[in-house]
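Student: Below is one structure. I have some questions about it.
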Amino acid sequence: MHAFMRTVQASVIIGVWLTSAACTSTEPPVGKMTDSLYNRLGGKPAIVKVIDEFVGNVSKDNRINGRFATTNIPRLKGHLVDQVCAATDGPCTYSGRDMITTHKGMGITNAEFSALVSDLVAALNTLNVPKAEQAELLSLLGPMKSDIVEIP
């Protein structure tokens with residue numbers, strides 16, 4: 001048992017040393033994660049494809065498609081592309097209204113917001129966006145929920 005404990009202690013010390021050495025390195029991390037999410041998604045052409053697929057999903061989704069009956073869809077797509085592009089550190093600038101102003105008084109529910117997220121995830125899955133990038137994108141867009149949902 002005594003030899004086992006020395007082995008565990010040595011492993012812990014080596015692990016701590018490797019971790020601290022990695023954290024104090026002046027070299028940037030190696031791999032795709034050094035790229036912006038925008039680049040990892042495939043840039044603006046890939047974002048346009050995601051938004052096209054997403055809006056198509058929403059148009060077929062009876063839970064929420066009525067909310068977009070009078071919406072200028074090409075304009076909406078343009079705003080969504082710019083919003084995602086800017087949020088992922090791309091070169092775009094979102095020039096649309098803020099989410100509070102846009103959705104004020106609409107009575108958007110949690111269920112409707114969840115349906116929208118579900119349609120976005122379906123679009124990301126259809127286009128084979130890796131799970132890590134999906135999670136990162138959703139974590140960037142998720143905080144908008146409090147600006148959009150009025151009825152829990």
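The values are calculated or read from the model by the stated rules, or taken from the named source; none is laboratory data. Keep in mind the model is a prediction, meaning the values are calculated, not measured. Note that we place each Cβ from the backbone using ideal geometry, even for glycine, and neighbour counts take in every protein chain shown.
Student: Could you tell me whether any residue of region 37-44 is part of a loop (DSSP other than H, G, I, E, B) and modelled with pLDDT of 95 or more?
Tutor: Yes - at least one qualifying residue is present in region 37-44.
Student: Kindly indicate whether any position in region 95-102 is in contact with a Leu (Cβ under 8 Å, 6 or more places away or on another chain), surrounded by 14 or more Cβ atoms within 10 Å (Cβ to Cβ) and in a helix (DSSP H, G or I).
Tutor: no
Student: Let me ask something else about it. Scan (1) at pLDDT 95 or above; (2) of a type in the set (Lys, Arg); (3) part of a loop (DSSP other than H, G, I, E, B) for the single condition Arg75 breaks and write down its number.
Tutor: The single condition Arg75 does not satisfy is (3).
Student: For Ala122, state whether it is in contact with a helix residue (DSSP H, G or I) (Cβ under 7 Å, 6 or more places away or on another chain), part of a helix (DSSP H, G or I) and surrounded by 13 or more Cβ atoms within 10 Å (Cβ to Cβ).
Tutor: So Ala122 passes the test.
Student: Ile148: in contact (Cβ under 8 Å) with a residue 24 or more places away in the chain, closer than 16 Å to Phe68 by Cβ and of a type in the set (Val, Ile, Thr), yes or no?
Tutor: Criteria met by Ile148.
Student: Just one of (1) under 24 Å from Pro45 (Cα atoms); (2) assigned to a loop (DSSP other than H, G, I, E, B); (3) among the small types (Gly, Ala, Ser) trips up Gly105, so point out which.
Tutor: Only one criterion in (1) under 24 Å from Pro45 (Cα atoms); (2) assigned to a loop (DSSP other than H, G, I, E, B); (3) among the small types (Gly, Ala, Ser) is unmet by Gly105, namely (1).
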